[in-house]
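Data block below; observations after.
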Amino acid sequence: MRRRTLLAASGTALAGLAGCSSRRSGDAPSPAGGTQSGSLAVEFDALQPAVFDLFVDAYELDGSDGSQYLFLTGTDAAGPARRFRFDGTEHDPGDAASNELARAPSTFGPAAEGGDAAVFELPATGDASDAALVTPDGEWRPDDALRARLAGPLPSLQVGFEGPSSVSNGSPPSFTVTVSNESETDGRFLGLLRRRYGALMTGQLVSRSITAGATATLEPTGDAAEAPTPGSGRGDTLTYDLVWPGGTESIAVTVD
């Protein structure tokens, strides 16, 4: 999967994450996890190719080429003097960002409220043999499955986006998003569905773990189709965009 920076509204790369108002999704954690030394309360939450943040009043996908983002939760995951050791370097959690970090639900919908997470921007690949969250009270070490994901290449996800060519005025269009993981590594699909025109739309988010060799079918429903507005310049057609770290797919829907 090709990595892109998708924060189109500002054109900037990720400035930092921890310390902002994080939201945790209801998506179940991946089977990969970790072990701990001492009595550290740390849990693996997600490993993903980008993050969502709220820019003004719309969600955007934000990421950097050559990076992956590790989310850890638990009372000992965040705090002073926390660093994540990976590929011979200790990485600080993100600093407070001007944009609000958002956690996506497992299906398309609004961001879910939840607890804070510590987020580390790491190189996309590297030596994970000695990977660990390093704290003054000890270390939390990922298990073998998570170390393999940290070290391995990004999984190759194939995404299909289908929807109707027309709908009746006032009827929300239904879409089908098909995600296939054709690699030998578990991965995570992040997607944003929103209408392109009219008032700036917050958008619907999804974060779904896709195991190696598996295919997931998601069926989001768009905002209700509006009657064309005189002078809007969009005629009888509304465009819906599916944005994901591999690019953007669009469907034009005619309003009858």
Residues of the range 200-238 being at pLDDT below 90 and touching a Ser or Thr at 6+ places or on another chain (Cβ under 7 Å), in sequence order, are 224, 225, 236, 237
Could you tell me which residue of the range 144-154 is modelled with the highest pLDDT, considering only residues that are open to solvent by 40 Å² or more (accessible area, probe 1.4 Å) and outside any helix (DSSP H, G or I)?
153
Looking only at the range 102-109, decide whether some residue is crowded, with 20+ Cβ neighbours inside 10 Å, in contact (Cβ under 8 Å) with a residue 60 or more places away in the chain and over 30 Å from residue 251 (Cα atoms).
no
Kindly indicate which of 98, 67 is hydroxyl-bearing (Ser, Thr, Tyr), over 20 Å from residue 241 (Cβ atoms) and either modelled with pLDDT of 85 or more or surrounded by 15 or more Cβ atoms within 10 Å (Cβ to Cβ) (or both).
67
Residues of the range 79-95 being on the phi < 0 side of the Ramachandran plot, open to solvent by 40 Å² or more (accessible area, probe 1.4 Å) and at pLDDT 85 or above, in sequence order, are 83, 89, 90, 92
Scan (1) assigned to a helix (DSSP H, G or I); (2) open to solvent by 40 Å² or more (accessible area, probe 1.4 Å); (3) within 15 Å of residue 188 (Cα to Cα) for the single condition residue 158 breaks and write down its number.
(1)
For the range 133-143, what are the residues that are open to solvent by 50 Å² or more (accessible area, probe 1.4 Å) and in a strand (DSSP E or B)?
141
Which condition number does residue 129 fail, the rest of (1) in contact (Cβ under 8 Å) with a residue 24 or more places away in the chain; (2) part of a loop (DSSP other than H, G, I, E, B); (3) over 18 Å from the mean Cα position of the chain (by Cα) being met?
(1)
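The values are calculated or read from the model by the stated rules, or taken from the named source; none is laboratory data. Please read all numbers here as calculations on a predicted model, not as lab measurements. We place every Cβ from the backbone using ideal geometry, glycine too, and count neighbours over all the protein chains shown. The area values use the complete protein model at the heavy-atom level, side chains included, leaving out ligands, DNA and RNA. Shrake-Rupley method; radii C 1.70, N 1.55, O 1.52, S 1.80 Å.
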